[in-house]
Amino acid sequence: MAYASFSQFLAALENAGELQRISTPVDTELAIAEWADREMKSPNGGKALLFEQPLIDGKASRFPVAINTMGSEKRMALALQVGSVADLAQEIALILKAKPPTGLREGWSLLKQGINLLHARPKHVKSAACQEVVHRFSERSTFNEESEQFSLLDLPILKCWPKDGGRFITLPNVHTRDPETGARNLGMYRMQVYDGLTTGMHWQVHKVGARHGKLYYERNERMPVAVTFGGDPAYTFAATAPLPDGLDEILFAGFVRKKSVELVKCLTNDLEVPADVDFVLEGYVQPGETRPEGPFGDHTGFYTALEDYPVFHLSAITHRREAVYPTTIVGIPPMEDFYMGSASVRIFLPVFKMNFPEIVDMALPAEGVFHNLVFVSIRKQYAYQAFKVMHGLWGMGQMMFSKYIVVVDEDCDVHNTSEVLFRMCANTDPKRDSTIITNPSDSLDHAPTVQNVGSHMGLDATRKLPGEGYTRGWPELVRMDEATRNLVDELQRKSG
Ligand SMILES: Cc1cc2nc3c(=O)[nH]c(=O)nc-3n(C[C@H](O)[C@H](O)[C@H](O)COP(=O)(O)O)c2cc1C
Ligand SMILES: [Mn+2]
(Lines give C-alpha, C1' and ligand atoms only; values in the text may rest on other atoms or scores of the structure.)
(Ligands and ions follow the chains in the order given, each with its own letter.)
Protein backbone atom coordinates (compact mmCIF):
# COMPACT_ATOMS: atom_id res chain seq x y z
CA MET A 1 0.00 0.00 0.00
CA ALA A 2 1.17 3.50 -0.83
CA TYR A 3 2.08 5.74 2.10
CA ALA A 4 -0.89 7.79 3.25
CA SER A 5 1.40 10.38 4.81
CA PHE A 6 5.01 11.34 5.30
CA SER A 7 4.67 10.25 8.95
CA GLN A 8 3.73 6.78 7.76
CA PHE A 9 6.94 6.70 5.73
CA LEU A 10 8.90 7.77 8.83
CA ALA A 11 7.22 4.95 10.79
CA ALA A 12 8.30 2.49 8.07
CA LEU A 13 11.87 3.80 8.34
CA GLU A 14 11.72 3.40 12.11
CA ASN A 15 10.42 -0.19 11.84
CA ALA A 16 13.29 -1.01 9.52
CA GLY A 17 15.79 0.43 12.02
CA GLU A 18 16.56 3.25 9.57
CA LEU A 19 15.48 6.24 11.68
CA GLN A 20 17.16 7.96 14.58
CA ARG A 21 15.07 10.31 16.73
CA ILE A 22 16.91 13.23 18.29
CA SER A 23 15.06 14.78 21.20
CA THR A 24 17.87 17.19 22.15
CA PRO A 25 17.06 20.74 20.96
CA VAL A 26 19.26 21.48 17.93
CA ASP A 27 19.54 24.81 16.10
CA THR A 28 18.15 25.08 12.56
CA GLU A 29 20.99 27.46 11.86
CA LEU A 30 24.01 25.27 10.87
CA ALA A 31 23.84 22.73 13.74
CA ILE A 32 21.26 20.40 12.14
CA ALA A 33 23.21 20.64 8.86
CA GLU A 34 26.51 19.69 10.53
CA TRP A 35 24.82 16.76 12.30
CA ALA A 36 23.21 15.60 9.05
CA ASP A 37 26.46 16.00 7.07
CA ARG A 38 28.26 13.66 9.46
CA GLU A 39 25.42 11.16 9.12
CA MET A 40 25.36 11.34 5.30
CA LYS A 41 29.12 10.78 5.13
CA SER A 42 29.06 7.76 7.44
CA PRO A 43 29.12 4.22 5.90
CA ASN A 44 26.16 3.54 3.57
CA GLY A 45 24.64 6.94 4.21
CA GLY A 46 23.97 6.43 7.94
CA LYS A 47 20.39 6.79 9.15
CA ALA A 48 17.47 9.13 8.58
CA LEU A 49 17.31 11.74 11.35
CA LEU A 50 14.20 13.15 12.98
CA PHE A 51 14.96 16.28 14.99
CA GLU A 52 12.03 16.48 17.37
CA GLN A 53 12.93 19.84 18.84
CA PRO A 54 14.51 22.07 16.25
CA LEU A 55 15.27 25.60 17.43
CA ILE A 56 14.42 28.68 15.35
CA ASP A 57 16.28 31.72 16.67
CA GLY A 58 16.54 30.00 20.04
CA LYS A 59 12.82 29.15 20.22
CA ALA A 60 11.30 25.67 19.90
CA SER A 61 9.71 24.98 16.51
CA ARG A 62 6.14 23.63 16.34
CA PHE A 63 7.24 21.18 13.66
CA PRO A 64 9.94 18.49 13.67
CA VAL A 65 12.61 18.29 10.93
CA ALA A 66 13.25 15.07 8.99
CA ILE A 67 16.49 14.79 7.02
CA ASN A 68 18.43 12.08 5.13
CA THR A 69 15.22 10.05 4.71
CA MET A 70 16.30 8.86 1.23
CA GLY A 71 20.04 8.88 1.84
CA SER A 72 20.83 5.20 1.28
CA GLU A 73 19.90 2.48 -1.21
CA LYS A 74 17.74 0.83 1.42
CA ARG A 75 15.88 4.01 2.37
CA MET A 76 15.43 4.94 -1.29
CA ALA A 77 13.80 1.51 -1.82
CA LEU A 78 11.62 2.05 1.28
CA ALA A 79 10.62 5.48 -0.06
CA LEU A 80 9.46 3.92 -3.33
CA GLN A 81 8.12 0.80 -1.57
CA VAL A 82 10.07 -1.68 -3.63
CA GLY A 83 12.44 -4.45 -2.59
CA SER A 84 15.10 -2.68 -4.60
CA VAL A 85 14.89 0.18 -7.09
CA ALA A 86 15.89 -2.34 -9.76
CA ASP A 87 12.36 -3.79 -9.40
CA LEU A 88 10.92 -0.51 -10.66
CA ALA A 89 13.33 -0.53 -13.60
CA GLN A 90 12.04 -4.02 -14.35
CA GLU A 91 8.44 -2.76 -14.38
CA ILE A 92 9.33 0.07 -16.73
CA ALA A 93 11.22 -2.34 -18.99
CA LEU A 94 8.09 -4.55 -19.17
CA ILE A 95 5.94 -1.65 -20.32
CA LEU A 96 8.51 -0.50 -22.88
CA LYS A 97 8.79 -3.99 -24.28
CA ALA A 98 5.06 -4.68 -24.14
CA LYS A 99 4.00 -7.07 -26.90
CA PRO A 100 1.17 -9.58 -27.10
CA PRO A 101 1.72 -12.09 -24.28
CA THR A 102 2.78 -15.58 -25.36
CA GLY A 103 1.74 -17.33 -22.19
CA LEU A 104 -0.34 -17.05 -19.05
CA ARG A 105 2.56 -15.84 -16.95
CA GLU A 106 3.49 -13.10 -19.43
CA GLY A 107 -0.16 -12.15 -19.77
CA TRP A 108 -0.47 -11.86 -16.02
CA SER A 109 2.54 -9.60 -15.58
CA LEU A 110 1.40 -7.43 -18.46
CA LEU A 111 -2.05 -7.15 -16.89
CA LYS A 112 -0.49 -6.13 -13.59
CA GLN A 113 1.46 -3.40 -15.41
CA GLY A 114 -1.74 -2.25 -17.08
CA ILE A 115 -3.36 -1.89 -13.67
CA ASN A 116 -0.34 0.02 -12.38
CA LEU A 117 -0.67 2.36 -15.33
CA LEU A 118 -4.33 2.98 -14.43
CA HIS A 119 -3.07 4.12 -11.04
CA ALA A 120 -1.07 6.78 -12.78
CA ARG A 121 -4.30 8.73 -13.34
CA PRO A 122 -4.87 11.14 -10.45
CA LYS A 123 -8.18 11.54 -8.60
CA HIS A 124 -9.71 14.80 -7.48
CA VAL A 125 -10.86 15.27 -3.89
CA LYS A 126 -12.62 18.10 -2.07
CA SER A 127 -11.16 17.86 1.40
CA ALA A 128 -7.54 17.28 2.24
CA ALA A 129 -5.28 16.59 5.20
CA CYS A 130 -2.88 19.23 3.88
CA GLN A 131 -5.58 21.88 4.41
CA GLU A 132 -6.37 21.03 8.04
CA VAL A 133 -4.80 24.33 9.09
CA VAL A 134 -5.11 27.37 6.80
CA HIS A 135 -3.28 30.70 6.93
CA ARG A 136 -4.26 33.17 4.20
CA PHE A 137 -2.33 36.33 3.49
CA SER A 138 -4.03 39.38 2.05
CA GLU A 139 -2.89 40.69 -1.32
CA ARG A 140 -1.54 43.95 0.06
CA SER A 141 0.03 42.74 3.28
CA THR A 142 3.75 43.29 3.32
CA PHE A 143 5.63 41.24 5.79
CA ASN A 144 6.14 42.68 9.23
CA GLU A 145 8.72 40.87 11.38
CA GLU A 146 6.98 41.93 14.58
CA SER A 147 3.50 40.69 13.69
CA GLU A 148 2.01 37.60 15.25
CA GLN A 149 1.01 36.37 11.81
CA PHE A 150 1.98 32.78 10.99
CA SER A 151 4.58 32.77 8.23
CA LEU A 152 7.55 30.92 6.77
CA LEU A 153 9.53 32.09 9.80
CA ASP A 154 7.52 29.57 11.84
CA LEU A 155 8.88 26.68 9.77
CA PRO A 156 12.17 25.04 10.83
CA ILE A 157 13.93 25.97 7.58
CA LEU A 158 17.68 25.40 7.71
CA LYS A 159 20.60 27.65 7.18
CA CYS A 160 22.91 24.99 5.77
CA TRP A 161 26.41 26.48 5.47
CA PRO A 162 28.17 29.43 7.13
CA LYS A 163 28.36 31.61 4.00
CA ASP A 164 24.83 30.90 2.75
CA GLY A 165 22.81 34.03 2.02
CA GLY A 166 20.14 32.92 4.49
CA ARG A 167 17.77 30.05 5.12
CA PHE A 168 16.93 27.80 2.15
CA ILE A 169 14.06 25.40 1.53
CA THR A 170 16.01 22.48 0.07
CA LEU A 171 13.38 19.82 -0.64
CA PRO A 172 10.46 21.77 -2.16
CA ASN A 173 8.12 20.20 -4.69
CA VAL A 174 7.31 23.06 -7.04
CA HIS A 175 4.04 22.69 -9.01
CA THR A 176 3.43 24.80 -12.13
CA ARG A 177 1.37 24.66 -15.30
CA ASP A 178 2.14 25.41 -18.92
CA PRO A 179 -0.23 28.34 -19.69
CA GLU A 180 -0.63 27.18 -23.30
CA THR A 181 -1.29 23.47 -22.92
CA GLY A 182 -2.27 23.27 -19.26
CA ALA A 183 0.35 20.53 -18.81
CA ARG A 184 1.46 20.12 -15.24
CA ASN A 185 5.05 20.07 -14.03
CA LEU A 186 6.57 19.17 -10.70
CA GLY A 187 10.23 20.06 -10.19
CA MET A 188 12.54 20.53 -7.26
CA TYR A 189 13.99 24.04 -7.21
CA ARG A 190 15.42 25.40 -3.95
CA MET A 191 13.93 28.51 -2.37
CA GLN A 192 15.79 31.14 -0.37
CA VAL A 193 13.68 32.68 2.38
CA TYR A 194 13.73 36.48 1.98
CA ASP A 195 11.06 37.14 4.62
CA GLY A 196 7.99 35.40 6.04
CA LEU A 197 6.02 35.77 2.79
CA THR A 198 8.62 35.88 0.00
CA THR A 199 11.30 33.52 -1.30
CA GLY A 200 13.55 33.06 -4.29
CA MET A 201 12.62 30.52 -6.97
CA HIS A 202 15.79 28.88 -8.23
CA TRP A 203 14.61 27.18 -11.40
CA GLN A 204 17.61 27.10 -13.67
CA VAL A 205 17.27 28.12 -17.30
CA HIS A 206 17.15 24.53 -18.65
CA LYS A 207 14.37 23.40 -16.31
CA VAL A 208 10.66 23.11 -17.04
CA GLY A 209 9.64 25.57 -14.30
CA ALA A 210 11.78 28.20 -16.01
CA ARG A 211 10.22 27.40 -19.38
CA HIS A 212 6.74 27.81 -17.92
CA GLY A 213 7.87 31.06 -16.27
CA LYS A 214 9.05 32.44 -19.62
CA LEU A 215 5.65 31.73 -21.20
CA TYR A 216 3.88 33.69 -18.45
CA TYR A 217 6.45 36.47 -18.87
CA GLU A 218 5.71 36.66 -22.60
CA ARG A 219 2.00 36.88 -21.85
CA ASN A 220 2.64 39.31 -19.02
CA GLU A 221 0.44 37.19 -16.78
CA ARG A 222 0.98 36.41 -13.13
CA MET A 223 2.15 32.80 -12.76
CA PRO A 224 0.43 30.63 -10.16
CA VAL A 225 2.87 28.42 -8.23
CA ALA A 226 2.28 25.92 -5.43
CA VAL A 227 5.00 24.33 -3.39
CA THR A 228 4.51 21.21 -1.30
CA PHE A 229 6.65 19.47 1.31
CA GLY A 230 6.27 15.89 2.41
CA GLY A 231 3.40 13.52 1.78
CA ASP A 232 4.28 10.28 0.02
CA PRO A 233 8.06 10.43 -0.70
CA ALA A 234 7.22 9.31 -4.26
CA TYR A 235 6.31 12.96 -4.99
CA THR A 236 9.67 14.25 -3.84
CA PHE A 237 11.45 11.61 -5.89
CA ALA A 238 9.32 12.40 -8.95
CA ALA A 239 10.16 16.11 -8.59
CA THR A 240 13.88 15.35 -8.89
CA ALA A 241 13.63 12.68 -11.59
CA PRO A 242 14.85 13.83 -15.03
CA LEU A 243 11.58 13.08 -16.84
CA PRO A 244 11.15 14.45 -20.37
CA ASP A 245 9.43 17.84 -20.51
CA GLY A 246 5.71 17.16 -20.88
CA LEU A 247 5.71 13.91 -18.92
CA ASP A 248 3.61 14.68 -15.85
CA GLU A 249 5.44 13.88 -12.61
CA ILE A 250 2.10 13.36 -10.84
CA LEU A 251 1.27 10.53 -13.27
CA PHE A 252 4.73 9.12 -12.75
CA ALA A 253 4.31 9.28 -8.95
CA GLY A 254 0.95 7.49 -9.26
CA PHE A 255 2.64 4.75 -11.29
CA VAL A 256 5.50 4.45 -8.78
CA ARG A 257 3.26 4.30 -5.68
CA LYS A 258 0.70 2.04 -7.43
CA LYS A 259 -2.11 4.24 -6.22
CA SER A 260 -3.72 7.27 -7.83
CA VAL A 261 -2.50 10.54 -6.41
CA GLU A 262 -5.39 12.39 -4.79
CA LEU A 263 -5.28 16.02 -5.84
CA VAL A 264 -7.00 18.92 -4.12
CA LYS A 265 -7.43 22.45 -5.44
CA CYS A 266 -5.40 25.17 -3.77
CA LEU A 267 -7.41 27.77 -1.84
CA THR A 268 -5.85 30.89 -3.36
CA ASN A 269 -4.95 29.80 -6.90
CA ASP A 270 -6.13 27.27 -9.48
CA LEU A 271 -3.35 24.73 -9.11
CA GLU A 272 -3.88 21.29 -7.66
CA VAL A 273 -1.59 19.57 -5.16
CA PRO A 274 -1.47 16.10 -3.58
CA ALA A 275 -3.96 16.07 -0.70
CA ASP A 276 -1.72 14.09 1.67
CA VAL A 277 1.30 16.41 1.78
CA ASP A 278 2.44 18.04 5.02
CA PHE A 279 2.67 21.68 3.91
CA VAL A 280 1.49 23.71 0.92
CA LEU A 281 2.85 27.15 0.08
CA GLU A 282 0.40 28.78 -2.32
CA GLY A 283 1.37 31.85 -4.26
CA TYR A 284 2.65 33.32 -7.47
CA VAL A 285 5.64 34.54 -9.43
CA GLN A 286 5.27 37.97 -11.01
CA PRO A 287 6.75 37.98 -14.56
CA GLY A 288 9.89 40.09 -14.78
CA GLU A 289 10.47 40.43 -11.05
CA THR A 290 13.85 39.05 -10.00
CA ARG A 291 16.06 39.36 -6.97
CA PRO A 292 19.61 38.26 -6.13
CA GLU A 293 19.60 34.67 -4.88
CA GLY A 294 22.47 33.04 -2.93
CA PRO A 295 25.18 32.48 -2.07
CA PHE A 296 24.38 28.84 -1.37
CA GLY A 297 26.63 25.90 -0.47
CA ASP A 298 25.62 23.79 -3.44
CA HIS A 299 25.81 20.15 -4.46
CA THR A 300 28.87 20.93 -6.56
CA GLY A 301 30.69 21.19 -3.22
CA PHE A 302 31.22 24.93 -3.80
CA TYR A 303 29.24 28.03 -2.99
CA THR A 304 27.09 29.23 -5.87
CA ALA A 305 27.45 33.00 -6.15
CA LEU A 306 24.66 35.58 -6.06
CA GLU A 307 22.54 35.52 -9.21
CA ASP A 308 19.17 37.02 -10.15
CA TYR A 309 16.21 34.63 -9.95
CA PRO A 310 12.41 35.02 -9.88
CA VAL A 311 10.64 35.85 -6.63
CA PHE A 312 7.86 33.72 -5.14
CA HIS A 313 5.13 35.51 -3.16
CA LEU A 314 2.99 33.54 -0.73
CA SER A 315 -0.78 33.96 -0.69
CA ALA A 316 -1.41 31.13 1.80
CA ILE A 317 0.24 28.41 3.84
CA THR A 318 -1.82 25.34 4.61
CA HIS A 319 -0.63 22.33 6.56
CA ARG A 320 -1.53 19.16 8.41
CA ARG A 321 -2.10 19.62 12.09
CA GLU A 322 0.77 17.19 12.79
CA ALA A 323 3.06 18.22 9.96
CA VAL A 324 6.70 17.24 9.63
CA TYR A 325 9.16 19.44 7.70
CA PRO A 326 11.32 17.30 5.36
CA THR A 327 14.61 18.73 4.21
CA THR A 328 18.10 17.85 3.01
CA ILE A 329 21.47 19.49 2.65
CA VAL A 330 23.79 19.46 -0.32
CA GLY A 331 27.57 20.03 -0.33
CA ILE A 332 30.75 18.07 -0.95
CA PRO A 333 29.66 14.54 -1.99
CA PRO A 334 28.54 12.02 -0.98
CA MET A 335 25.26 13.51 0.18
CA GLU A 336 21.64 12.33 0.32
CA ASP A 337 20.95 13.49 -3.24
CA PHE A 338 23.50 10.99 -4.60
CA TYR A 339 21.08 8.16 -3.69
CA MET A 340 18.16 9.99 -5.29
CA GLY A 341 20.16 10.52 -8.49
CA SER A 342 21.37 6.92 -8.53
CA ALA A 343 17.80 5.66 -8.20
CA SER A 344 16.84 7.78 -11.23
CA VAL A 345 19.67 6.35 -13.31
CA ARG A 346 18.73 2.80 -12.36
CA ILE A 347 15.00 3.29 -12.93
CA PHE A 348 15.46 4.95 -16.33
CA LEU A 349 18.16 2.55 -17.57
CA PRO A 350 15.49 0.65 -19.59
CA VAL A 351 14.64 3.92 -21.39
CA PHE A 352 18.31 4.46 -22.26
CA LYS A 353 18.57 0.85 -23.38
CA MET A 354 15.53 1.22 -25.58
CA ASN A 355 17.22 4.14 -27.36
CA PHE A 356 20.66 2.53 -27.34
CA PRO A 357 20.30 -1.28 -27.29
CA GLU A 358 24.07 -1.67 -26.94
CA ILE A 359 24.04 -0.07 -23.47
CA VAL A 360 24.57 -2.65 -20.73
CA ASP A 361 24.83 -0.47 -17.63
CA MET A 362 25.37 3.10 -16.53
CA ALA A 363 26.60 4.85 -13.39
CA LEU A 364 27.05 8.43 -12.23
CA PRO A 365 29.63 8.11 -9.45
CA ALA A 366 29.22 10.37 -6.40
CA GLU A 367 32.48 12.21 -7.11
CA GLY A 368 31.01 13.57 -10.34
CA VAL A 369 27.96 15.12 -8.62
CA PHE A 370 25.48 13.78 -11.22
CA HIS A 371 26.49 15.31 -14.53
CA ASN A 372 30.25 15.68 -14.24
CA LEU A 373 31.11 12.03 -14.76
CA VAL A 374 29.17 9.28 -16.51
CA PHE A 375 30.35 5.68 -16.90
CA VAL A 376 28.60 3.59 -19.57
CA SER A 377 29.27 0.00 -20.53
CA ILE A 378 28.31 -1.22 -24.00
CA ARG A 379 28.26 -4.39 -26.03
CA LYS A 380 30.37 -3.12 -28.91
CA GLN A 381 29.64 -4.47 -32.34
CA TYR A 382 31.04 -1.95 -34.80
CA ALA A 383 33.65 0.76 -35.10
CA TYR A 384 33.06 4.09 -33.35
CA GLN A 385 29.99 2.74 -31.54
CA ALA A 386 31.25 4.24 -28.26
CA PHE A 387 31.16 7.69 -29.91
CA LYS A 388 27.64 7.13 -31.18
CA VAL A 389 26.55 6.37 -27.61
CA MET A 390 28.28 9.51 -26.23
CA HIS A 391 26.64 11.78 -28.80
CA GLY A 392 23.29 10.12 -28.20
CA LEU A 393 23.52 10.70 -24.45
CA TRP A 394 24.58 14.33 -24.97
CA GLY A 395 21.34 14.80 -26.87
CA MET A 396 19.03 13.28 -24.25
CA GLY A 397 17.38 15.63 -21.74
CA GLN A 398 19.52 16.47 -18.75
CA MET A 399 22.23 14.06 -19.96
CA MET A 400 23.25 17.05 -22.15
CA PHE A 401 25.18 18.29 -19.10
CA SER A 402 27.46 15.21 -18.89
CA LYS A 403 30.96 16.70 -18.65
CA TYR A 404 32.97 13.47 -18.98
CA ILE A 405 31.53 10.30 -20.49
CA VAL A 406 33.70 7.19 -20.24
CA VAL A 407 32.57 4.22 -22.33
CA VAL A 408 33.82 0.75 -21.41
CA ASP A 409 33.16 -2.80 -22.60
CA GLU A 410 30.33 -4.86 -21.14
CA ASP A 411 32.62 -6.95 -18.91
CA CYS A 412 33.58 -3.88 -16.86
CA ASP A 413 31.47 -3.10 -13.77
CA VAL A 414 30.58 0.60 -14.06
CA HIS A 415 29.61 0.73 -10.37
CA ASN A 416 33.23 0.01 -9.48
CA THR A 417 35.05 3.28 -10.14
CA SER A 418 38.44 1.67 -9.69
CA GLU A 419 37.66 -0.87 -12.41
CA VAL A 420 36.55 1.89 -14.80
CA LEU A 421 39.67 3.98 -14.15
CA PHE A 422 41.82 0.92 -14.81
CA ARG A 423 40.15 0.43 -18.21
CA MET A 424 40.32 4.12 -18.99
CA CYS A 425 44.02 4.36 -18.27
CA ALA A 426 44.95 1.09 -19.92
CA ASN A 427 42.74 1.16 -23.03
CA THR A 428 42.90 4.71 -24.31
CA ASP A 429 45.22 6.53 -26.62
CA PRO A 430 44.00 9.99 -25.61
CA LYS A 431 44.16 11.63 -29.03
CA ARG A 432 42.54 8.78 -30.89
CA ASP A 433 39.98 7.84 -28.25
CA SER A 434 38.71 11.20 -27.09
CA THR A 435 36.31 13.74 -28.47
CA ILE A 436 35.51 17.21 -27.18
CA ILE A 437 32.21 18.85 -27.99
CA THR A 438 30.47 22.09 -27.02
CA ASN A 439 27.06 21.74 -25.36
CA PRO A 440 24.85 23.38 -22.75
CA SER A 441 26.40 23.07 -19.28
CA ASP A 442 24.76 22.76 -15.89
CA SER A 443 24.01 26.26 -14.55
CA LEU A 444 25.77 25.31 -11.31
CA ASP A 445 29.05 24.31 -12.99
CA HIS A 446 31.56 27.04 -12.07
CA ALA A 447 34.33 25.77 -14.38
CA PRO A 448 33.14 26.97 -17.83
CA THR A 449 34.30 30.46 -18.78
CA VAL A 450 30.74 31.43 -19.67
CA GLN A 451 27.85 30.15 -17.57
CA ASN A 452 25.57 27.50 -19.13
CA VAL A 453 27.86 26.61 -22.08
CA GLY A 454 30.96 24.48 -21.99
CA SER A 455 33.00 21.71 -23.49
CA HIS A 456 32.33 18.08 -22.71
CA MET A 457 34.72 15.19 -23.22
CA GLY A 458 34.04 11.63 -24.25
CA LEU A 459 36.59 8.87 -23.72
CA ASP A 460 36.32 5.57 -25.55
CA ALA A 461 37.90 2.99 -23.22
CA THR A 462 36.53 -0.03 -25.09
CA ARG A 463 38.83 -2.48 -26.85
CA LYS A 464 39.64 -1.19 -30.33
CA LEU A 465 38.64 -2.85 -33.57
CA PRO A 466 40.58 -2.85 -36.84
CA GLY A 467 37.88 -0.54 -38.24
CA GLU A 468 39.02 2.01 -35.69
CA GLY A 469 42.52 2.04 -37.16
CA TYR A 470 43.94 -0.40 -34.61
CA THR A 471 45.68 -3.27 -36.35
CA ARG A 472 48.10 -4.52 -33.67
CA GLY A 473 45.70 -7.17 -32.31
CA TRP A 474 44.07 -6.19 -29.01
CA PRO A 475 45.59 -8.11 -26.07
CA GLU A 476 43.67 -10.28 -23.68
CA LEU A 477 42.94 -9.44 -20.03
CA VAL A 478 44.87 -11.55 -17.55
CA ARG A 479 42.40 -13.89 -15.86
CA MET A 480 42.74 -17.24 -14.07
CA ASP A 481 41.03 -20.23 -15.69
CA GLU A 482 37.81 -21.53 -14.18
CA ALA A 483 39.14 -24.95 -13.15
CA THR A 484 41.90 -23.39 -11.05
CA ARG A 485 39.47 -20.90 -9.49
CA ASN A 486 37.16 -23.74 -8.48
CA LEU A 487 40.08 -25.76 -7.17
CA VAL A 488 41.32 -22.91 -4.97
CA ASP A 489 37.76 -22.16 -3.79
CA GLU A 490 37.63 -25.77 -2.61
CA LEU A 491 41.09 -25.70 -1.02
CA GLN A 492 40.30 -22.49 0.84
CA ARG A 493 37.03 -23.91 2.12
CA LYS A 494 38.83 -26.95 3.47
CA SER A 495 41.60 -24.95 5.14
CA GLY A 496 38.81 -22.99 6.91
C1 LIG B 1 18.09 18.27 -3.38
C2 LIG B 1 17.94 18.80 -4.79
C3 LIG B 1 17.96 20.16 -5.02
C4 LIG B 1 17.81 20.68 -6.30
N5 LIG B 1 17.81 22.03 -6.48
C6 LIG B 1 17.62 22.54 -7.72
C7 LIG B 1 17.57 23.94 -7.91
O8 LIG B 1 17.69 24.74 -6.97
N9 LIG B 1 17.35 24.41 -9.19
C10 LIG B 1 17.20 23.57 -10.26
O11 LIG B 1 16.99 24.04 -11.36
N12 LIG B 1 17.29 22.22 -10.11
C13 LIG B 1 17.48 21.69 -8.85
N14 LIG B 1 17.54 20.33 -8.69
C15 LIG B 1 17.46 19.45 -9.87
C16 LIG B 1 16.05 19.33 -10.42
O17 LIG B 1 15.13 19.03 -9.41
C18 LIG B 1 16.00 18.27 -11.51
O19 LIG B 1 16.80 18.69 -12.58
C20 LIG B 1 14.58 17.96 -12.00
O21 LIG B 1 14.62 16.87 -12.90
C22 LIG B 1 13.96 19.15 -12.70
O23 LIG B 1 12.66 18.83 -13.10
P24 LIG B 1 12.05 19.45 -14.43
O25 LIG B 1 12.73 18.78 -15.59
O26 LIG B 1 10.59 19.11 -14.34
O27 LIG B 1 12.31 20.92 -14.41
C28 LIG B 1 17.69 19.80 -7.39
C29 LIG B 1 17.68 18.43 -7.17
C30 LIG B 1 17.81 17.91 -5.89
C31 LIG B 1 17.80 16.43 -5.68
MN1 LIG C 1 9.36 17.83 -15.49
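Work out, step by step, the length gained on full extension between L96 and M396: first 0.36 nm times the residue separation, then minus their alpha carbon distance; give nm to one decimal.
Working: separation 300, 0.36 × 300 = 108.00 nm, distance 1.74 nm.
So the chain would gain 106.3 nm between L96 and M396.
For S147 and K265, calculate 0.36 nm times their separation in residues minus their Cα-Cα distance, and state this gained length in nm to one decimal. Walk me through the intermediate numbers first.
Values: separation 118, 0.36 × 118 = 42.48 nm, distance 2.86 nm.
Once the chain is fully extended between S147 and K265, it gains 39.6 nm.
Work out Dmax and Rg for segment 150-223 from the C-alpha atoms and quote the Rg first, both in angstrom.
Looking at segment 150-223, its Cα Rg and Dmax stand at 13.9, 42 Å.
For E14, project a label point 7 Å along Cα to C-beta. Then give me every residue of segment 67-82 with its amide nitrogen under 18 Å of that point.
Answer for this model: 67-70, 75, 78-79.
Show which aspartates and glutamates lie in cross-link reach of K380 when reach means a straight Cα distance below 14 angstrom and same-chain residues fewer than eight apart are skipped.
By straight Cα distance, K380 reaches E358, D361, D409, E410, D411, D460, E468.
Ignoring ligands, DNA and RNA, how do I437, I22, I332 rank by accessible area with a 1.4 Å probe, largest first? Let's see the in-between values first.
Working: I437 30, I22 5, I332 105 Å².
Largest accessible area first, the residues go I332, I437, I22.
Averaged per residue, what accessible area in Å² does segment 41-100 show with a 1.4 Å probe, protein chains only? Don't skip to the answer; put the middle values down first.
Working: 2780 Å² over 60 residues.
Heavy-atom accessible area per residue stands at 46 Å².
Could you work out what % of the accessible surface of the chain is carbon and sulfur, using a 1.4 angstrom probe and leaving DNA, RNA and ligands out of the count? Can you show the working numbers first?
On the way: 12520 of 23070 Å².
Whole-percent figure for carbon plus sulfur exposure: 54.
Assuming R0 = 41 Å, what is the FRET efficiency of T435 and Q113, from their Cβ-Cβ distance, to the nearest 0.05? Please list the in-between numbers first.
Values: r = 39 Å, r/R0 = 0.95.
That pair, T435 with Q113, gives E of 0.60.
How tilted is helix 104-119 with respect to the longest principal axis of the chain? Cα atoms for both, answer in degrees (0 to 90, nearest 10).
Approximately 30 degrees, to the nearest ten.
Using the Cα centre as the reference, give the magnitude of the dipole from point charges on the C-beta atoms of the chain (Lys, Arg: +1; Asp, Glu: -1; all else neutral), rounded to the nearest 20 debye. If you can, show how the numbers build up before the last one.
On the way: 51 positive and 62 negative charges, 249 e Å.
Magnitude of the dipole: close to 1200 debye.
Taking the convex hull of the Cα atoms, report for segment 16-141 its projected area averaged over all directions, in nm². Don't skip to the answer; put the middle values down first.
Values: hull surface 53.6 nm².
Seen from a random direction, the Cα hull of segment 16-141 projects 13.4 nm² on average.
Taking R0 as 41 Å, what's the FRET efficiency between K74 and E476 from their Cβ-Cβ distance, rounded to 0.05? It would help to have the intermediate numbers written out before the result.
Details: r = 39 Å, r/R0 = 0.94.
After rounding to 0.05, the efficiency reads 0.60.
Given charges of +1 on the Cβ of Lys and Arg and -1 on the Cβ of Asp and Glu, with all other atoms neutral, how large is the dipole of segment 21-87 about its Cα centre, in debye to the nearest 20? Don't jump to the answer; show the numbers that get you there.
Values: 8 positive and 9 negative charges, 41 e Å.
Charge dipole, segment 21-87, about its Cα centre: 200 debye, nearest 20.
Is there a pair in K214/K265; K97/K259; K97/K464; K47/K112; K353/K403; K207/K353 whose C-alpha atoms are over 26 Å apart, and which pairs would that be?
Numbers: K214/K265 24 Å; K97/K259 23 Å; K97/K464 32 Å; K47/K112 33 Å; K353/K403 21 Å; K207/K353 24 Å.
Those over the limit are K97/K464; K47/K112.
With every protein chain left in place and a probe of 1.4 Å, what is the accessible surface of C160, to the nearest 10 Å²?
0
At a Cα cut-off below 12 Å, give the aspartates and glutamates reachable from K258, other chains included and same-chain residues fewer than 8 away excluded.
E91, D232
What length, rounded to one decimal in nm, is gained on full extension from R379 through to I22, with 0.36 nm per residue of separation minus their alpha-carbon distance? Don't skip to the answer; put the middle values down first.
Numbers: separation 357, 0.36 × 357 = 128.52 nm, distance 4.90 nm.
Once the chain is fully extended between R379 and I22, it gains 123.6 nm.
Counting heavy atoms of the protein chains only and a 1.4 Å probe, report the per residue accessible area for segment 360-411 as a whole number of Å². Intermediate values should be presented prior to the final figure.
Numbers: 1910 Å² over 52 residues.
In whole numbers, segment 360-411 has 37 Å² accessible per residue.
Just to confirm a number: summing +1 for Lys and Arg and -1 for Asp and Glu over residues other than E322 whose beta-carbon lies under 13 angstrom from that of E322, what do you get?
Numbers: positive: R62, R320, R321; negative: E52, E132, D276, D278.
Charge balance near E322 sits at -1.
The values are calculated or read from the model by the stated rules, or taken from the named source; none is laboratory data. Keep in mind that this is a model prediction, so the values were computed, not measured. When we count neighbours, we look across all protein chains shown, and the Cβ atoms used for this are built from the backbone with ideal geometry, even at glycine. Just so you know, the surface numbers come from the protein's heavy atoms only, side chains and all, with ligands and any DNA or RNA stripped out. Shrake-Rupley method; radii C 1.70, N 1.55, O 1.52, S 1.80 Å.
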